[in-house]
Amino acid sequence: MQKYIPRFRALVQARLTSERLPKKVLEKIGEKTILEHIAARIQSIQSTKVELKFAIAEEEETTLADFLREKNFAFVKGHPTHVLKRFIDASQDMADEDYVIRLTADNPFIDKDRLTTLIEHLKEYPADYAYTAELPLGMGSEVIRVAALRSVFFRDTPLTPNGAPELKGHHREHVTIFIRENPHLYEIFPLRLDDAFSIEAAKARVAGIRMTIDEAQDLTVARRVYSHFAGRGLLFFGALDVIELAKNDPSMLADNRHIEQKAATSVDSRTV
């Protein structure tokens, strides 16, 4: 029997109505918007065909939809606040054995080489959920088997007519948190950045490095770091490059170190 070759689809959840930095996804870093940086990195993966789609809200996103059409980026519209359902709808044509790569429009500089390594691993050793570990905040990615994604969504339906769903608000908003909270139910694979470091040391060397975009200071740092690497011809710089930069010139990444990342259990006030 021929081995099934899974499809990989990168779904980028994006919106214009960020509470802290509205319309940030259309802000430019260099010559490209944040969304274009994400697309360029995914489209540069050569070892495996990765479909790219933006998963946007079905309401209040006319400007975003127009931008995506102009750039010829595929997109699907879905539930405005129930992001898990948006992912379910955006993967309904996929088989259970296929994979969704969850990306967010907060993170323009995913480490595409680490993601490529993760994809290649999953093609040989399938897992329910896999992620790149110990990277600077905003450079990682996570891959979910469609069957696992659907199993989480099923838990949003009460088992009895008067019962409550098993999922909470943060499960609906953050998509993969239920899997992380219940590792006994799923086969999970973390791809470590460097096995030579202990887990504690690996976490320590990326502590305080923010390559995600939540606030204005994040955008300042992202522009500065991108300019540094672009000036050296390294447009798709990776986690190790950023870690080395933070070690050799910490002032480059200092402006946003004070920003506290929201907890995984936090829920947007507009989320169901």
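The values are calculated or read from the model by the stated rules, or taken from the named source; none is laboratory data. Treat the numbers as computed from the prediction; the structure is a model and nothing was measured. Positions of Cβ are generated from backbone atoms using ideal geometry, with glycine treated the same way; all protein chains shown enter the neighbour counts.
If you go through the stretch 18-62 and keep only what is under 23 Å from Thr220 (Cβ atoms), part of a loop (DSSP other than H, G, I, E, B) and hydrophobic (A, V, I, L, M, F, W, C), you end up with just Leu21.
Within the stretch 26-45, if we keep just the residues that are among the hydrophobic types (A, V, I, L, M, F, W, C) and farther than 21 Å from Val100 by Cα, the residue that is modelled with the highest pLDDT turns out to be Ile29. Do we find that Thr160 is surrounded by 13 or more Cβ atoms within 10 Å (Cβ to Cβ), assigned to a loop (DSSP other than H, G, I, E, B) and among the β-branched types (Val, Ile, Thr) in this structure? It is false that Thr160 is surrounded by 13 or more Cβ atoms within 10 Å (Cβ to Cβ), assigned to a loop (DSSP other than H, G, I, E, B) and among the β-branched types (Val, Ile, Thr).
Conditions tested, residue by residue: (1) over 28 Å from Leu118 (Cα atoms); (2) touching a residue at least 12 places away in the same chain (Cβ under 8 Å); (3) of a type in the set (Asp, Glu); (4) touching a Leu at 6+ places or on another chain (Cβ under 8 Å).
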site: Gln13; (1), (2), (3), (4): no, yes, no, yes
site: Thr17; (1), (2), (3), (4): yes, yes, no, no
site: Pro22; (1), (2), (3), (4): yes, no, no, yes
site: Glu27; (1), (2), (3), (4): yes, yes, yes, yes
site: Ser47; (1), (2), (3), (4): no, yes, no, no
site: Glu51; (1), (2), (3), (4): no, yes, yes, no
site: Thr63; (1), (2), (3), (4): yes, yes, no, yes
site: Leu68; (1), (2), (3), (4): no, yes, no, yes
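In the set (1) within 20 Å of the chain's Cα centre (by Cα); (2) surrounded by 16 or more Cβ atoms within 10 Å (Cβ to Cβ), the condition left unmet by Arg192 is number (2).
Is it the case that the stretch 6-14 has a residue that's exposed (fewer than 13 other Cβ atoms within 10 Å of the Cβ) and part of a loop (DSSP other than H, G, I, E, B)? Taking every residue of the stretch 6-14 in turn, none turns out to be exposed (fewer than 13 other Cβ atoms within 10 Å of the Cβ) and part of a loop (DSSP other than H, G, I, E, B).
Residues of the stretch 51-67 that are surrounded by fewer than 20 Cβ atoms within 10 Å (Cβ to Cβ), under 12 Å from Ala14 (Cα atoms) and at pLDDT 95 or above: Lys53 alone. The conditions of being of a type outside the set (Asp, Glu), in contact with a helix residue (DSSP H, G or I) (Cβ under 9 Å, 6 or more places away or on another chain) and under 14 Å from Gly138 (Cα atoms) are not met by Ala254. Taking the conditions exactly as written (surrounded by 21 or more Cβ atoms within 10 Å (Cβ to Cβ) and in a helix (DSSP H, G or I)), does Leu103 satisfy them or not? No, not satisfied. The listed residues are Asp241, Asp156, Asp218, and the only one of them that is of a type in the set (Asp, Glu) and within 30 Å of Asp98 (Cα to Cα) turns out to be Asp156. If you go through the stretch 63-87 and keep only what is among the aliphatic types (A, V, I, L, M) and part of a strand (DSSP E or B), you end up with just Val76. Selection of the stretch 106-127 for residues being closer than 18 Å to Ala239 by Cα and either assigned to a loop (DSSP other than H, G, I, E, B) or in contact with a helix residue (DSSP H, G or I) (Cβ under 6 Å, 6 or more places away or on another chain) (or both) yields Asp106, Asn107, Pro108, Phe109, Ile110, Asp111, Lys112.
Against the list (1) surrounded by fewer than 21 Cβ atoms within 10 Å (Cβ to Cβ); (2) within 18 Å of Ala105 (Cα to Cα), the condition Arg224 fails is (2).
Taking residues in the stretch 208-232 that are in contact (Cβ under 8 Å) with a residue 12 or more places away in the chain and at positive phi, and partners anywhere that are part of a loop (DSSP other than H, G, I, E, B) and of a type in the set (Lys, Arg), the pairs with Cβ atoms closer than 8 Å and at least 6 places apart or on different chains are Gly208/Arg257.
Of the residues making up the stretch 181-196, those that are charged (D, E, K, R) and either on the phi > 0 side of the Ramachandran plot or in contact with a His (Cβ under 9 Å, 6 or more places away or on another chain) (or both) number 1. When Leu135, Leu167 are screened for being part of a loop (DSSP other than H, G, I, E, B) and under 15 Å from the mean Cα position of the chain (by Cα), only Leu135 passes.
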